[in-house]
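**Student:** Pasting in a structure now, in structure tokens, and then I'll have a few things to ask.
The values are calculated or read from the model by the stated rules, or taken from the named source; none is laboratory data. Quantities reported herein were computed from a predicted structural model and do not represent experimental measurements. Positions of Cβ are backbone-derived with ideal geometry, glycine not excepted, and every protein chain shown enters the neighbour counts.
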Amino acid sequence: MMKKIVAILCAMMLTLTAVSAFAADFTTIEAGKLTMSTSPDFPPFENTDDDGNIIGIEPDLIALICEKLGLEPNWLAMDFDSALLAPQTGKADAVVSGVTVREDRKTQFDFTTSYVSIHQAIVCKEDKDITMDNLGEQTIGVQNGTTGQIYAVDDFGEDNVVAYNTYSVAFLALTNDQVDCIVVDDLVGKAYAATIPGLKVVETTYEAEEFAFGVSKGNTALVEAINEVLEGLIADGTVEEIILKHSMN
Amino acid sequence: MIYVNNLCKRFGKLQVLDNISEHIQKGECLVLIGPSGSGKSTFLRCLNLLEEPTSGEILFDNVKLTDPNTDINKMRQRMGMVFQHFNLFPNMTILKNLTLAPIRTGLRSREEAEKKALELLRRVGLEDKANAYPAQLSGGQKQRVAIVRALCMEPEVMLFDEPTSALDPEMVGEVLDVMKTLARDGMTMVVVTHEMGFAREVGTRVLFLDEGRIQASGTPDEIFNHPQNERLKSFLAKVL
Amino acid sequence: MEQYAAWQALVKAGEATSWQKYYVYFYQAFVDKDRWMQYLNGVLTTLYVTALALLIGVILGVIVAVVRTAHDQQRPGKRSPVLGFFNAILKVYVTVIRGTPMMVQLMIMGFVIFASSRDFALVGALTLGINSGAYTSEIIRGGLMSVDAGQMEAGRSLGLNYTDTMRFIIVPQAIKAILPSLGNEFIVLLKDTSLISVIGGKELIYAARAIVSRTYEALFPYLGTALIYLVLVMLFTWLLGIFERRLRASDLR
């Protein structure tokens, strides 16, 4: 009898460790779930489909990571500036919203390993001739809280920049000619240009930016757990494959 | 002076006035009596078109008031009206209450209007109230001012709609006194009232209305001392 | 400034006391890089939009209220078809504006009707004004109707025309009933200006959000914004109170 119980217990412990190899090492705000804030207007990184599901590069990556960590992904959709504040205020474990790694942001989050490198791009109507040289003479649309906003305001001042709650509204303003161009991450700009006719993407000379997930400050165990999986996905080419898949359409 | 021909007034399905014809002569003091709901106030209010008649016509000084093209404002300037609830303008002093209409209608200049107003106020014993506001006056004083307000337009006829019904009993006398003086001075008056004493003493003719019809008409003596109509008899039995 | 730099380094290193931390947060929210200028510009836009919207709202409100009241008070046998036409249009206007959310109206005005305008504050003010006009008209209409019907009858029985009776008798009395609700509407309007940031209007909330997205610290910018609104509303209420008392003093009743 005793033997039987011990055997069952052993079996149970074995399964548990197999399913969640890291479970014991980190904590999340809601046990068994990875809660993430995001601004789902940032294709191909994240977007909503017709059923309201959050889809894109990052949700795909997170799905793989969560599977390995034995967690259930839990998305909180909000404006980007609010999404950036969510981990800090304890609303989310991490912000997963195409977040650029920046020195000043490192005081707010612990960044994971970055998984992609992108550039800022200018998106404007095809008949416009806008480059870095005459960007200062344009009205620039951005999303509130993005690096695009930071660069544009720093270089050309508040008066030349209009920040919207979401990039989708910013692109609406662009098609209305309410702004002359949008400054946005190149992959995102291309994704919008692919769906909205008559737009073109112009390269900028801003330096490359790294994207990573911003985990709430101090949750080192979670960062390490995510990194372990993420680095594996980068090494075996899965990340590149996912990015490629989403950038094609 | 005022001809009323086949006057009917309906409020929805309710027939308030049923085919009334009447002639009001210059200088007479016509008193309307009758149970409440008999239509006497509605009849009075039709005379200056505060109520729009459903059918029939009203002629004042040979002008058809019920014609939509008649300038009713001009005609109303010649017909004064006194209301049960005084309806003084609470946002103005007494003097302003009295002079607003004469000045705005171009009847008199400001100085003339004020002079006339003060003179009339003196006659009713209220000249010291010229700069007071209506809220500072008693009910009887308010109604005397309301009569003066109508008189300031120098009307040819005065319509009184239950002028003493909203007053405390001790104030009824002072208002009736003013009305008696007016009647004695020869003003044409149409008075809706429950004051049978006034009707008997001052009225030159009394109309008894019931259920929207004139049931009896005659001198105060005929109406009060020798009533013929059964309805009138039972009405008088209740009020006297 | 030096203090700020030194303490900021401590905050970054995670070694700051909470006093030092909040000092740094406060400094970077208001003082650093002259950020108070952004709030000031935001407040100026807020006030500009409020004032403009108020003006539009009151003018629209008065016109709508006057037309609708005049229509309802016509002589039964003498209805004007012109008045009836405008009354019908204005009724639709009031129904549509009161029946749709302000946010939707802003989106439609900002991105559809005035899709080519770049003066976002002006479009915002216009939208708020049109919205406010519908509510103001009902406030004014309610005020006019609250005056005892006997007042209109007394005025008309003296031979005064409709306009004069309204002007000298009804409106002065109605204003006392209208003013408190109108003051309330002004305050709602002032706070509603915060919505115009969705179409790119750079008012107070816009400034606060821009600063938060620089500092990643929401406490002071949002608290400060709330405080500024509160002060503005209290100032407004106080001024309105004085105005009302003046009005009452001139009318002993």
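**Student:** Given (1) in contact (Cβ under 8 Å) with a residue 24 or more places away in the chain; (2) of a type in the set (S, T, Y); (3) more than 20 Å from B:L17 (Cβ to Cβ), where does B:T193 come up short, assuming only one miss?
**Tutor:** Result: B:T193 fails condition (3) only.
**Student:** Cβ-Cβ distance below 8 Å, separation of 6 or more or different chains: which pairs start in the stretch C:213-237 with a residue that is in contact (Cβ under 8 Å) with a residue 60 or more places away in the chain and in the same structural domain as C:K202 (by TED's automatic domain parsing) and end on one that is of a type in the set (A, V, I, L, M, F, W, C) and surrounded by fewer than 16 Cβ atoms within 10 Å (Cβ to Cβ)?
**Tutor:** Cβ pairs passing all conditions: C:L232/C:L47.
**Student:** Taking the residues in the stretch C:145-154 that are within 8 Å of chain B (Cβ to nearest Cβ) and assigned to a helix (DSSP H, G or I) as candidates, determine which candidate is surrounded by the most Cβ atoms within 10 Å (Cβ to Cβ).
**Tutor:** Among them, the one singled out is C:A154.
**Student:** I would also like to ask the following. Could you pull out the residue among C:V24, C:V49, C:V64 that is crowded, with 21+ Cβ neighbours inside 10 Å, assigned to a helix (DSSP H, G or I) and not assigned by TED's automatic domain parsing to the domain that holds C:T127?
**Tutor:** So the residue among C:V24, C:V49, C:V64 that is crowded, with 21+ Cβ neighbours inside 10 Å, assigned to a helix (DSSP H, G or I) and not assigned by TED's automatic domain parsing to the domain that holds C:T127 is C:V24.
**Student:** Answer with yes or no whether C:L126 is touching a residue at least 40 places away in the same chain (Cβ under 8 Å), away from every other protein chain (no Cβ under 12 Å), assigned to a helix (DSSP H, G or I) and under 26 Å from C:I199 (Cβ atoms).
**Tutor:** yes
**Student:** Please specify each residue of the stretch A:102-120 satisfying the condition of being away from chain C (no Cβ under 14 Å) and in a strand (DSSP E or B).
**Tutor:** A:V116, A:S117, A:I118, A:Q120
**Student:** If the requirement is being assigned to a helix (DSSP H, G or I) and at pLDDT below 90, which of these qualifies: C:L223, C:L179, C:L190?
**Tutor:** The match here is C:L179.
**Student:** From the set of residues in the stretch C:73-84 that are assigned to a helix (DSSP H, G or I) and out of contact with any helix residue (DSSP H, G or I) (no Cβ under 8 Å at 6 or more places or on another chain), which is surrounded by the fewest Cβ atoms within 10 Å (Cβ to Cβ)? Write out each step before concluding.
**Tutor:** Of the residues in the stretch C:73-84, the ones assigned to a helix (DSSP H, G or I) are C:81-84.
Those still in the list that are out of contact with any helix residue (DSSP H, G or I) (no Cβ under 8 Å at 6 or more places or on another chain) too: C:81-82.
Numbers: C:P81: 7, C:V82: 9.
Of everything passing the filter in the stretch C:73-84, C:P81 is surrounded by the fewest Cβ atoms within 10 Å (Cβ to Cβ).
**Student:** Tell me, which residue of the stretch A:137-158 that is facing another protein chain (nearest Cβ under 9 Å) and more than 18 Å from the chain's Cα centre (by Cα) is surrounded by the most Cβ atoms within 10 Å (Cβ to Cβ)?
**Tutor:** Going residue by residue through the stretch A:137-158, those that are facing another protein chain (nearest Cβ under 9 Å) are A:139, A:141, A:144-146, A:149-150, A:153, A:158.
Among the residues that remain, those that are also more than 18 Å from the chain's Cα centre (by Cα) are: A:139, A:141, A:153, A:158.
On the way: A:T139: 18, A:G141: 29, A:V153: 19, A:E158: 16.
Among those residues, the one meeting the criterion is A:G141.
**Student:** Right, here's the next one. Pick out the one residue from A:T112, A:T100, A:T107 that is out of contact with any strand residue (DSSP E or B) (no Cβ under 8 Å at 6 or more places or on another chain), assigned by TED's automatic domain parsing to the domain that holds A:D41 and closer than 22 Å to A:G214 by Cβ.
**Tutor:** Going through A:T112, A:T100, A:T107 in turn, just one is out of contact with any strand residue (DSSP E or B) (no Cβ under 8 Å at 6 or more places or on another chain), assigned by TED's automatic domain parsing to the domain that holds A:D41 and closer than 22 Å to A:G214 by Cβ: A:T107.
**Student:** Same structure again: For the structure I just gave you, tell me whether C:G84 is within 28 Å of C:D164 (Cβ to Cβ), at pLDDT 90 or above and among the small types (G, A, S). Give the steps one after another, and end with the answer.
**Tutor:** On the way: within 28 Å of C:D164 (Cβ to Cβ): yes; at pLDDT 90 or above: yes; among the small types (G, A, S): yes.
Criteria met by C:G84.
**Student:** Would you check which residues across the stretch A:34-49 are more than 14 Å from chain C (Cβ to nearest Cβ) and more than 12 Å from A:H246 (Cβ to Cβ) and list them?
**Tutor:** Restricting attention to the stretch A:34-49, the residues satisfying the condition of being more than 14 Å from chain C (Cβ to nearest Cβ) are A:34-36, A:38, A:40, A:42-49.
Result: A:L34, A:T35, A:M36, A:T38, A:P40, A:T48, A:D49.
**Student:** Hey, another quick one. Take the residues of the stretch B:61-81 that are within 9 Å of chain C (Cβ to nearest Cβ) and of a type in the set (V, I, T): which is farthest from B:L118 (Cα to Cα)?
**Tutor:** Top of the filtered list is B:T66.
**Student:** Considering only residues of the stretch A:50-99 that are farther than 20 Å from A:V188 by Cα and part of a helix (DSSP H, G or I), which is nearest to the other protein chains (Cβ to nearest Cβ)?
**Tutor:** Filtering first and then ranking leaves A:L85.
**Student:** I need the full set of residues from the stretch C:129-143 which are more than 14 Å from every other protein chain (Cβ to nearest Cβ) and either touching a helix residue (DSSP H, G or I) at 6+ places or on another chain (Cβ under 6 Å) or over 14 Å from C:Y93 (Cβ atoms) (or both), in order please.
**Tutor:** Once the filter is applied, which keeps residues that are more than 14 Å from every other protein chain (Cβ to nearest Cβ) and either touching a helix residue (DSSP H, G or I) at 6+ places or on another chain (Cβ under 6 Å) or over 14 Å from C:Y93 (Cβ atoms) (or both), the stretch C:129-143 yields C:G129, C:N131, C:S132, C:G133, C:A134, C:Y135, C:T136, C:S137, C:I139, C:I140, C:R141, C:G142.
**Student:** Among the residues of the stretch B:128-135, is there at least one that is buried (at least 19 other Cβ atoms within 10 Å of the Cβ) and within 12 Å of chain C (Cβ to nearest Cβ)?
**Tutor:** yes
**Student:** Continuing with this model, one more query. Looking at the stretch B:146-154, is at least one residue touching a residue at least 40 places away in the same chain (Cβ under 8 Å), surrounded by fewer than 19 Cβ atoms within 10 Å (Cβ to Cβ) and within 14 Å of another protein chain (Cβ to nearest Cβ)? Give the derivation first.
**Tutor:** Just the residues of the stretch B:146-154 that are touching a residue at least 40 places away in the same chain (Cβ under 8 Å), to begin with: B:146-154.
With the extra rule that they be surrounded by fewer than 19 Cβ atoms within 10 Å (Cβ to Cβ), the set shrinks to B:154.
After this cut, where a residue has to be within 14 Å of another protein chain (Cβ to nearest Cβ) as well, the list is B:154.
Yes, there is a match, as at least one residue in the stretch B:146-154 is touching a residue at least 40 places away in the same chain (Cβ under 8 Å), surrounded by fewer than 19 Cβ atoms within 10 Å (Cβ to Cβ) and within 14 Å of another protein chain (Cβ to nearest Cβ).
**Student:** Still on this structure, I have one more. How many residues does the stretch C:199-220 hold that are assigned to a helix (DSSP H, G or I) and over 29 Å from C:I108 (Cα atoms)?
**Tutor:** Step one: of the stretch C:199-220, the residues assigned to a helix (DSSP H, G or I) are C:199, C:204-215, C:219-220.
Then keep just the ones that are over 29 Å from C:I108 (Cα atoms); that gives C:214-215, C:219-220.
Here the count works out to 4.
**Student:** Can you tell me which residue is farthest from the chain's Cα centre (by Cα) among those in the stretch C:224-253 that are within 14 Å of another protein chain (Cβ to nearest Cβ) and hydrophobic (A, V, I, L, M, F, W, C)?
**Tutor:** C:L252
**Student:** Which one of A:V123, A:V188 is of a type in the set (V, I, T), in a helix (DSSP H, G or I) and more than 14 Å from chain C (Cβ to nearest Cβ)? First the steps, then the outcome.
**Tutor:** Numbers: A:V123 fails: in a helix (DSSP H, G or I).
Matching residue, one of A:V123, A:V188: A:V188.
**Student:** Name the residue, out of C:A115, C:A13, C:A88, C:A70, that is farther than 30 Å from C:K191 by Cα and within 11 Å of another protein chain (Cβ to nearest Cβ).
**Tutor:** On inspection, the qualifying residue turns out to be C:A13.
**Student:** Still on this structure, I have one more. Which residues, taken from the stretch A:37-49, are closer than 14 Å to A:M78 by Cα and outside any strand (DSSP E or B)?
**Tutor:** Hits for the stretch A:37-49 are A:S39, A:P40, A:D41.
**Student:** Based on this model, can you work out whether A:K200 counts as away from chain C (no Cβ under 14 Å), of a type in the set (D, E, K, R), in contact (Cβ under 8 Å) with a residue 60 or more places away in the chain and outside any helix (DSSP H, G or I)?
**Tutor:** Yes, satisfied.
**Student:** State whether the residues of the stretch B:197-206 include one that is on the phi < 0 side of the Ramachandran plot and within 12 Å of another protein chain (Cβ to nearest Cβ).
**Tutor:** no
**Student:** Can you tell which of A:A235, A:A194, A:A170 is surrounded by fewer than 17 Cβ atoms within 10 Å (Cβ to Cβ) and within 13 Å of A:V123 (Cβ to Cβ)?
**Tutor:** A:A194
**Student:** Let me ask something else. In the stretch C:156-189, what residues are among the small types (G, A, S) and more than 8 Å from chain B (Cβ to nearest Cβ)? Steps first, answer last, please.
**Tutor:** Here is the first cut: in the stretch C:156-189, the ones among the small types (G, A, S) are C:157, C:159, C:174, C:177, C:181, C:183.
C:A174, C:A177, C:S181, C:G183, listed by residue number.
**Student:** Would you confirm whether any residue within the stretch A:181-196 is closer than 30 Å to A:T27 by Cβ, within 20 Å of the chain's Cα centre (by Cα) and charged (D, E, K, R)?
**Tutor:** So far as the stretch A:181-196 goes, no, none of its residues is closer than 30 Å to A:T27 by Cβ, within 20 Å of the chain's Cα centre (by Cα) and charged (D, E, K, R).
**Student:** Could you check how many residues of the stretch A:170-185 are out of contact with any strand residue (DSSP E or B) (no Cβ under 8 Å at 6 or more places or on another chain) and either away from chain C (no Cβ under 11 Å) or of a type in the set (A, V, I, L, M, F, W, C) (or both)?
**Tutor:** Number of matching residues: 1.
**Student:** A further question on this structure: Looking at the stretch B:112-122, is at least one residue surrounded by 15 or more Cβ atoms within 10 Å (Cβ to Cβ) and touching a residue at least 40 places away in the same chain (Cβ under 8 Å)?
**Tutor:** The answer is no; no qualifying residue exists.
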